[in-house]
Amino acid sequence: MLPQLGNFLLYLALFTSAYAVIAAILAAKTRRMGLILSTERAVLTGFVLCLSAMAILEVLFLTDRFDIYYIATHSSRDLPTGYKFTAVWSGMQGSLLLWALILSGFIFFAVIKTRAFRGPLASYATAIMSFTLTFFLALICIHENPFVTMPRALPDGTGMNPLLVHPVMAIHPPMLYHGYVGFTVPFAFAMAALLSRQIDEEWIRTTRRWTLLAWFFLGTGQLLGGKWAYVVLGWGGYWGWDPVENAALLPWLTGTAFLHSVMIQEKKGMLKIWNMVLIIATYTLCIYGTFLTRSGVVSSVHAFAQSPIGPWFGVLVVLIVIFSSLLLVSRLDLLKTKTQYESPISREGGFLLNNLLFLTATFAVFWGVMFPVISEAVTGDKITVGPPYFNTVMVPIGLLLLVLTGIGPLLAWRRTSGKSLRKHFTGSSIMGLICGIVAIALGVRDIYAIISFLFCGFVTGTIITEFHRGARARGSSSGESYLRALINLTRRNRRRYGGYIIHFGVVLLFIGFTGNAFNKDSQVELKYMESTDIGPYTLTYEGITESVNPLTADIVAQLGVYKHGQRLGTMWPHQKVYYKRQDQQTTTEVAIRSNLREDLYALYQGVDMRDNEEVALFHLYINPLVMWVWIGAWIITIGTIVVMWPDKREKQALQMREAMA
């Protein structure tokens, strides 16, 4: 009964969403309030239907309904309850349903938010968002229905992919999907602005928080994926320039460019065409990333198996490009601006260079992803483009973007004088030079690492200077204490100073990334109570213990950790054998000792025989500064919350605009 109900709800959601598309278009053209209200009710109904379908699928997973093909191939009786809940989105069908649910929720809340200024802009945006939802629901109903039943129930399921049985994977996919889906909202409002000929900054103000939220979710989702790769895959790193990793990076790069570029449009009324191009590119790359992940075009540990839905995503990408390009070209006259670009040494110039570098990075990553595909299609030979290419191209671009993070806030709008440059750059430049000199004194010789530390110091100096100048000025005018002035300064200028907090988080990310220049690793074979050295550490193999639980057989190695003759503790790297699976799949659980300076990372690779003696195989790593990557992610989260926190003045300004409308 429940599978049939879930199937019915999916089809009903599909028809409801299709109706919302038609009703919204008619509402935009006729401006009839009855059609507008009908569209809103259809959007609400679609959200409730998608939510109900997902709830039913969750219940079916939790109750071990192995008469349903999707559950039989992605769950098992021994899977812990928490992972049965997250197993819903561990495969193609459930992940598409999650995508549809998130999108229906975004549409619903976007419609609620725009009720105050109903009209063609909101109606066209609703039509575009609902069309996207209709597309996904059609794919689910026709090709990837999670409620398909089998003639008879299996006694047990094959189980969840063992690599996904990890807490991070409970939130990594939903975070990424929120990012991918979130960019639908600003794209829809941008196209609605063109369709309705309301070419002002209203669509930007309406979607500002939606854009930032999507950007945050997409970036955080990638960092969570990096954390999962670091602790589960056992290759010693957190970013390998995998095609699917790159597919998520592409819209994040253009989305970041867009977030910076729209500031010029809001402040100066410039770059209207350029911002349209950026949001079109960002949304297109979101769908392109979905195409890569679900088409089987690229091989990746992150990708789904080849599916018939892949070509449909390719068709959607083409349709988006054609539709948005033709619409943009037809409205070019409306997007022209009278404001002139005055000087490259200005904040506008800094933003333009920022955008140019982000697009250069986007093209470099896109080419690295697609070149093997194009090469195989043309020559029949599959060429691998790996980390050497990406690091060679992206490290210089990344460093230039980093230093621009510090330069941009110090530049004035329109034109920056030489006196202003000397006044504002001196302190930050000195701090950067000190950091570079300290790095050299500590033995750093890699040129990119030295430059990175220098730039990190410079940007940190800029951020400190901006907070200090603002707090001192506010304190002198209001009589507030320095700390109170600093707090109130941030509260009254959340976008600006929250942005600085995000920039500081980016600095910490770069400090962590720079640590890759000093990584060490060693593959060793150890007899019982034999020791090996790596860096300042001595590790002693102290034996193996084995245990069996309902899901896995665990083989745990024990390593004593010493530094300068003093025992620091014990590490327990181990392997898990999923003995109930036909393939007897084995996964690794690395052991990591972390501090602010470095990670000691141990991977147990099994046992072997050498000279009639059993030896344990280990791959050991020292990864400097990795913890700063995770700290940087938390700082970015705090900064994003500050930027997005509701501002009473913004709310009052919105109410005034609504009253005037």
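Please verify whether residue 53 is farther than 27 Å from residue 308 by Cβ and either within 29 Å of the chain's Cα centre (by Cα) or not assigned by TED's automatic domain parsing to the domain that holds residue 548 (or both), treating the condition exactly as stated.
When the stated conditions are applied, residue 53 does not pass them.
What residue, of 63, 16, 81, is among the polar types (S, T, N, Q), surrounded by fewer than 23 Cβ atoms within 10 Å (Cβ to Cβ) and under 31 Å from the mean Cα position of the chain (by Cα)?
Sole residue among the options that is among the polar types (S, T, N, Q), surrounded by fewer than 23 Cβ atoms within 10 Å (Cβ to Cβ) and under 31 Å from the mean Cα position of the chain (by Cα): 81.
Give region 98-124 a look and list any residue that's within 30 Å of residue 156 (Cβ to Cβ) and either in contact (Cβ under 8 Å) with a residue 60 or more places away in the chain or small (Gly, Ala, Ser) (or both), or say none.
98, 99, 100
Could you please let me know if residue 427 is without any contact (Cβ under 8 Å) to a residue 12 or more places away in the chain and either more than 29 Å from the chain's Cα centre (by Cα) or within 18 Å of residue 516 (Cα to Cα) (or both)?
Taking the combined requirement at face value, the residue does not satisfy it.
Taking into account only those residues within region 362-406 that are in a helix (DSSP H, G or I) and among the polar types (S, T, N, Q), which is nearest to the chain's Cα centre (by Cα)?
Going through the qualifying residues, I end up with 362.
Can you go through 142, 199 and tell me which one is in contact with a helix residue (DSSP H, G or I) (Cβ under 6 Å, 6 or more places away or on another chain) and either outside the structural domain of residue 1 (by TED's automatic domain parsing) or not small (Gly, Ala, Ser) (or both)?
199
From the list 259, 253, 292, exactly one residue is surrounded by 23 or more Cβ atoms within 10 Å (Cβ to Cβ), modelled with pLDDT of 80 or more and over 30 Å from residue 589 (Cβ atoms). Which is it?
253
Residues that are closer than 28 Å to residue 262 by Cβ and surrounded by fewer than 17 Cβ atoms within 10 Å (Cβ to Cβ): does region 448-466 have at least one?
For region 448-466, residues closer than 28 Å to residue 262 by Cβ and surrounded by fewer than 17 Cβ atoms within 10 Å (Cβ to Cβ): present.
Specify which of the listed residues (621, 601, 562) is more than 30 Å from residue 507 (Cα to Cα) and either part of a strand (DSSP E or B) or modelled with pLDDT under 95 (or both).
562 is the lone residue from the list that is more than 30 Å from residue 507 (Cα to Cα) and either part of a strand (DSSP E or B) or modelled with pLDDT under 95 (or both).
Just to be sure before I move on: is residue 61 touching a residue at least 60 places away in the same chain (Cβ under 8 Å), assigned to a helix (DSSP H, G or I), assigned by TED's automatic domain parsing to the domain that holds residue 124 and within 24 Å of residue 143 (Cβ to Cβ) in the structure I sent?
no
Would you call residue 18 farther than 24 Å from residue 171 by Cβ, at pLDDT 95 or above and not hydroxyl-bearing (Ser, Thr, Tyr)?
yes
Quick check: is even one residue across region 148-155 more than 20 Å from residue 105 (Cα to Cα), of a type outside the set (Lys, Arg) and assigned to a helix (DSSP H, G or I)?
There is no residue in region 148-155 that is more than 20 Å from residue 105 (Cα to Cα), of a type outside the set (Lys, Arg) and assigned to a helix (DSSP H, G or I).
Kindly indicate which of 403, 385 is hydrophobic (A, V, I, L, M, F, W, C), surrounded by 15 or more Cβ atoms within 10 Å (Cβ to Cβ), farther than 24 Å from residue 508 by Cα and in contact with a Phe, Trp or Tyr (Cβ under 6 Å, 6 or more places away or on another chain).
Being hydrophobic (A, V, I, L, M, F, W, C), surrounded by 15 or more Cβ atoms within 10 Å (Cβ to Cβ), farther than 24 Å from residue 508 by Cα and in contact with a Phe, Trp or Tyr (Cβ under 6 Å, 6 or more places away or on another chain) holds for just one of 403, 385, which is 385.
Sort out which residues of region 406-422 are free of Cβ contacts under 8 Å to residues at least 60 places away in the same chain and exposed (fewer than 15 other Cβ atoms within 10 Å of the Cβ), and write them in order of number.
Selection gives 417, 418, 419, 420, 422.
The values are calculated or read from the model by the stated rules, or taken from the named source; none is laboratory data. For clarity, every value in this text was computed on a predicted model and none was experimentally measured. All Cβ positions, glycine included, derive from the backbone under ideal geometry; neighbour counts span all protein chains shown.
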